[in-house]
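To keep things clear, I will list the structure first and then write my remarks on it.
The values are calculated or read from the model by the stated rules, or taken from the named source; none is laboratory data. These numbers come from a predicted model, not from an experiment. Cβ: placed from backbone, ideal geometry, glycine included. Neighbour counts: every protein chain shown. SASA here: full protein model, heavy atoms, side chains in, ligands and nucleic acids out. Shrake-Rupley method; radii C 1.70, N 1.55, O 1.52, S 1.80 Å.
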Amino acid sequence: MKNFLIFAPLIAFFTFLMIYIAEATDVLLLNEERLETSFKTEGEHLILSWKPLFYPCKYKVETISRTTGVIPNSPEYHKFIEESAIQNSYQVPTCAIPMYYLISAYGITGKIYESPAIVANPNYPTPPKPVPIYHYTIENPASLMPFLVWHCVPEAVCYEVEILSAPPEIEGGISLSKMFHLSSTQQIFTNGWQADLRPFQNQISIYWRVRALGFHHEPIGEFCKAEPIIIDVTKKIPDCPLINNFDQMPNFREPLYPVYDWIPLNAKAAKYEVELLDHKPPIENDIEPSSNSLWRQTTLDTASCYDEYGRPFAGDYYWRVRALDEKNNPIGTWSDSSKFTVDAYEDGVEVAVFGDSISHGGGAVSYSPYALEYSYLTYLDFPTVNLSRSGDTSHTTLERFESDVLHYRPKNLIILTGTNSLRASNIDANAVIDDLNEIGRKCLQNNIRPIFLTLMPINPTNIKNAFHTDTDPKWREKLNEINSFIRSQKYYIDLEPYFYDIYNMKLDDRLSVDGLHPDIHGKKMMAEIINQRKDLFLK
């Protein structure tokens, strides 16, 4: 025993040395191994698995997306998150754009293996097809009015669902079935729909499929493979909206002004009511409003509600929604409650973003700021807090400075506001410049570095089509004056040149469906431009 104790350190040293040599020299040829990967769905979760290496190690999985390839010197991929996995499987984070996964293995001395190829998320196939999330089987039958839910197709404005009596003649494609078509609708503006199958309950079989559409109802990709629906006529019909949190992007951080999204009821709802609480409702899916709610708001929007108040105070919040008729009588019950957390920033924040709806988020007409794939903050290389508010003019942004910015004590403030002023004929360029100048002055007065973003061009034709409003004919002159002022500031980032069409006249149609808010590709471009100017930020 005494001899063993004498030699134990020596044995440990040589053991470590042998492991070090094996890992450092790859004498075991680990990098010639090929990880065989596969995906499976467990409920609403996607699980990535791989065949483990024969060598004992732990794994790291990086979740990444492709950059646009438009902005010079940008990397090929943007990394969202990395996590360790001791076992050879990993529950991938939810997402709303095509994501990829890079798997690395680590031994005692560090990285010993890196997958030579990235693995693509199967929920975003090429050509684009919505991938169903809910499946109605014998074990999990549907009611006569089930929610049909699928993964979002990026840039889709709406969707078309077809109900069939059998699988179509040809799977996929963009045409409705001629032989088995029962009904269809294109009036679906979320990634889910409550179908009414009561007219078809005597059918021997029922199937459904969905495809994505653009602003003019042009197809984006193809129909998904037809899904069977097994019906149990005795099952209770859902009578409350469905919280829409299916495709939340990784690293979700609640903006100062929250937005609440749901999948509406297929009922005679005239409006919806949202309730916010600082505690979980004592009873889920009841019919009465809470006596101690923080806020309740009624909206005519069928799938979103914008909180009119900033929520800066740290803590857990819960919200729920219910449908109302024209006389404000409830239709059914409250939805399940959904929780979100506002973080505490006791030491202030490094970077905050301050502006209007372009910074608040949203795009492709149908997506609110809750859909973080339409937020340029999602693709930044550094964490930020979103203090923006949809609908702001440059002046209303200025009016919020003390109440909304100073609470967070940011070192740097990214400022992008004035686009709504730009398109309004009753606001001239000097008014916007005065507002921006005052925001900058207030920043310096409070030891905040103001980093201005130049305004991007707009597209009056698309604005008219999407919002049915006219644009000031002098918007280009105003844009030039405002951006000349911004370029005279000490700290600014120039977005404008990258967003014109080929004629250098207006916002490129391919970057914005509504002519005002860049969509996913445009929001990525914004972030990639900002990422290259990190030298401007105060450390």
Report task. Mind checking the range 39-122 for GluC sites (Glu not before Pro) that DSSP puts in a loop (not H, G, I, E or B) and that have at most 13 other Cβ atoms within 10 Å? Result -> Glu44, Glu76
Query raised in the report: Which value at 222 nm does the chain reach when only helices count, each DSSP H run of 4 or more adding -39,500 (n - 2.57), with the total divided by all residues and rounded to the nearest 500 deg cm²/dmol?
Result: -5000 deg cm²/dmol
Query raised in the report: To the nearest 20 debye, what charge dipole does the chain have about its Cα centre, counting +1 at the Cβ of each Lys and Arg and -1 at the Cβ of each Asp and Glu?
Result: 620 debye
**Report entry** Test item: Cα-centred dipole of the range 266-330, Lys/Arg +1 and Asp/Glu -1 on Cβ, debye
**Finding:** 100 debye
Report summary line: Rounded to one decimal in nm, the spacing of the 7 Å Cα→Cβ label points at Asn285 and Thr37 is 3.7 nm
Query raised in the report: Using a basic spin-label model with each label point 7 Å from the Cα along Cα→Cβ, how many nm lie between Lys539 and Asp347?
Result: 1.5 nm
Query raised in the report: Considering only protein heavy atoms and a 1.4 Å probe, what is the carbon-and-sulfur percentage of the accessible area of the chain?
Result: 54 percent
Query - Label-point gap, in nm, between Phe467 and Arg253 - each point 7 angstrom along Cα→Cβ - result: 2.7 nm
Report summary line: HN-Hα couplings for the range 185-196 via Karplus (6.51, -1.76, 1.60; θ = phi - 60°), in whole Hz with x for Gly/Pro, come out as 8, 10, 8, 10, 10, 9, 8, x, 7, 8, 7, 10
Report summary line: Per DSSP, the loop-located chymotrypsin sites (Phe, Trp or Tyr not before Pro) within the range 344-403 having at most 16 other beta carbons within 10 Å are Tyr345
Requested in this report: Provide the per residue accessible area, probe 1.4 Å, for the range 371-478, rounded to a whole number of square angstrom.
Outcome: 38 Å²
Requested in this report: Compute the Cα gyration tensor for the range 41-166, then decide on rounded, prolate or oblate, letting a ≥ b ≥ c be the square roots of its eigenvalues: rounded whenever a/c is under 1.5, prolate when a/b is larger than b/c in the other cases, and oblate in all that remain.
Outcome: oblate
**Report entry** Stretch gain in nm, segment Ser89-Arg510, where the contour uses 0.36 nm per residue and the Cα spacing is subtracted
**Finding:** 147.7 nm
Requested in this report: Report the one residue of Val210, Pro199, Phe452 whose Cα lies farthest in the direction of the positive end of the charge dipole of the chain (charges on C-beta: Lys and Arg +1, Asp and Glu -1; origin at the Cα centre).
Outcome: Phe452
**Report entry** Per-residue ³J(HN,Hα) for the range 205-211, Karplus 6.51 cos²θ - 1.76 cosθ + 1.60, θ = phi - 60°, Hz, x for Gly and Pro
**Finding:** 8, 9, 10, 9, 8, 9, 9
Report summary line: Taking r as the C-beta separation of Gln203 and Gln297 and R0 as 45 Å, the FRET efficiency to the nearest 0.05 is 0.65
Requested in this report: Using per-residue counts of other Cβ atoms within 10 Å, averaged over each peptide, order 117-126, 221-230 from highest down.
Outcome: 221-230, 117-126
**Report entry** Cβ-placed point charges (K, R +1; D, E -1), dipole of the range 330-487 about Cα centre in debye, nearest 20
**Finding:** 280 debye
Report task. Please state, as a whole number in µm²/s, the translational diffusion coefficient that the Stokes-Einstein equation yields for the range 310-378 at 25 °C and 0.890 mPa s, with Rh defined as the Kirkwood radius across alpha carbon pairs. Result -> 162 µm²/s
Query raised in the report: In terms of solvent-accessible area of protein heavy atoms at a 1.4 angstrom probe, what is the ranking of Ser390, Ser143, Ser425, highest value first?
Result: Ser425, Ser390, Ser143
Report task. Determine how many Å³ per residue the convex hull of the Cα atoms of the range 38-98 encloses. Result -> 110 Å³
Requested in this report: Name the shape class, rounded, prolate or oblate, that the alpha-carbon gyration tensor gives for the range 212-283, where a ≥ b ≥ c are the square roots of its eigenvalues, rounded holds for a/c under 1.5, and otherwise prolate holds if a/b is larger than b/c and oblate otherwise.
Outcome: oblate
Report summary line: Result row for the chain, helices from DSSP H with C-alpha axial extent 15 Å or more and mean Kyte hydropathy at least 0.5, is 2-25
Query raised in the report: Which ³J(HN,Hα) values, rounded to whole Hz and listed in residue order, are derived for the range 343-353 from phi using the Karplus coefficients 6.51, -1.76 and 1.60 in 6.51 cos²θ - 1.76 cosθ + 1.60 with θ = phi - 60°, glycine and proline given as x?
Result: 6, 8, 10, 5, 9, x, 10, 6, 9, 10, 10
Query raised in the report: What whole-number value in cubic angstrom gives the convex hull volume per residue for the C-alpha atoms of the range 328-462?
Result: 172 Å³
Query raised in the report: What is the antiparallel percent of DSSP beta bridges lying wholly in the chain, to the nearest 5?
Result: 85 percent
Query raised in the report: Name the trypsin sites (Lys or Arg not before Pro) in the range 251-340 that are in a loop by DSSP and that have at most 13 other C-beta atoms within 10 Å, would you?
Result: Lys268, Lys327
Requested in this report: Once you have the Cα-Cα distance between Lys411 and Asp316, take 0.36 nm times their residue separation minus that, and quote the gain in nm to one decimal.
Outcome: 31.6 nm
Query raised in the report: Shape call for the chain from the C-alpha gyration tensor, a ≥ b ≥ c root eigenvalues: rounded (a/c under 1.5), prolate (a/b greater than b/c) or oblate?
Result: oblate
